[in-house]
Amino acid sequence: MDSAAKTVMDLFRLDGRRALVTGGSKGLGRTIAEALAQAGADVVVVSRTASECERAAGEIASATGRRALAIAADVTRAEDVDRLAAEAGAIDVLVNSAGINIRGPAATLTEADWDTVLDVNLKAPFLLARRFGPAMAERGWGRIVQLGSILSTIGIAGRTPYASSKAGLLGLTKTLALEWADRGVTVNALCPGPFATEMNRPLLDDPTKYAEFVASIPVGRWGELHEIAGAALFLASDASSYMTGSALYVDGGWTAR
């Protein structure tokens, strides 16, 4: 069906599409993977741990009736990304959701801390986009969704590697968008504020730190996992066909201050 003839609800459908979600076994990635499957996509769930991938893929397939493939891979290694691509097959939607955070004052962080965070949060999205983007462009349709953060544009003390990686991700998003804009591939960043994920468990479990964060959120609370799904589906579908190189913030109003 021609996009102009689709209803607004049709524009959000992903029937016949195949989506790959890194970090798809838990947290925001898991939620996004299931949302895309609910919209009709077959999904490939990727993380480093095979058992977690398999469990998530099984749950998604059972809940949605869509095909869900589990592949364990280290997406910071080019050779593993090549293997992943061979096993996953043609991909229409790439969601770079895998992420890591190492907190602490810059003076106490090690070079290894920096490398670990930058490899997962910035190098891996580059490797994956480089591997899957050209094939999307050859087919004339594709969506790449990068998981940025409010720290893509603001700073918080003690988050030097994470904020640097997420700021860099916006630069990657913009340049890739320009390279493939005339070939049917859009590249956008989805930038969440504080969500109740396992990565944020140290803050969730500390009443003082939790209260400090809530004080900066105009809606007065952290995000629930399901609240990322609509924005992710928008960026992954025909509904966002005229949007590329941009960032969409889902942060309870934090960056509006």
Vicinal HN-Hα couplings computed from phi for region 84-94 (Karplus, 6.51 cos²θ - 1.76 cosθ + 1.60; Hz; Gly/Pro x): 4, 4, 5, 7, 7, x, 5, 10, 9, 10, 10
Please list the non-local residues whose amide H lies under 5 Å from the amide H of residue 195, H modeled 1.01 Å from N, same-chain partners needing a gap of 5 or more. 223
Using all Cα-Cα distances in the chain, what percent lands in each 10 angstrom bin from 0 up to the longest? 7, 32, 38, 19, 4, 0
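Using mean Cβ contacts within 10 Å as the protection proxy, how do 15-26, 135-146 order, highest first? The partial results should precede the final answer.
Details: 15-26: 23.3, 135-146: 19.7.
Descending packing order for the listed peptides: 15-26, 135-146.
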Between region 131-175 and region 214-230, what's the alpha-carbon centroid distance in Å? 21 Å
Residue 123: which lysines have alpha carbons under 22 Å from its alpha carbon, excluding same-chain residues fewer than 8 sequence positions away? 26, 166, 174
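Taking the highest mean first, how do the peptides 168-179, 106-117, 67-78 order by number of other beta carbon atoms within 10 angstrom per residue? Each step should come with its number before you reach the end.
Working: 168-179: 17.8, 106-117: 12.7, 67-78: 19.5.
Ranked by mean Cβ neighbours within 10 Å, highest first: 67-78, 168-179, 106-117.
Please sort by residue number the GluC sites (Glu not before Pro) in region 191-257 whose DSSP state is loop and whose Cβ has at most 12 other Cβ atoms within 10 Å.
Details: sites: 198, 212, 224, 227; in loops: 224.
Sites meeting the loop and neighbour criteria: 224.
Quick check: net charge around residue 252, other residues with Cβ under 15 Å of its Cβ, Lys/Arg +1 and Asp/Glu -1? Write down the numbers at each step before the final one.
Values: positive: 221, 257; negative: 212, 224, 227, 251.
Neighbourhood net charge equals -2.
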Dipole size in debye (nearest 20) for the chain around its Cα centre, Lys and Arg Cβ +1, Asp and Glu Cβ -1? 240 debye
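Every number here is computed from the coordinates shown, using simple stated rules; none is lab data. What you see is a predicted model, and the numbers here were worked out from it, not measured in a lab. Don't worry about glycine lacking a Cβ; one is built from the backbone with ideal geometry, like all the others, and counts go over all protein chains shown.
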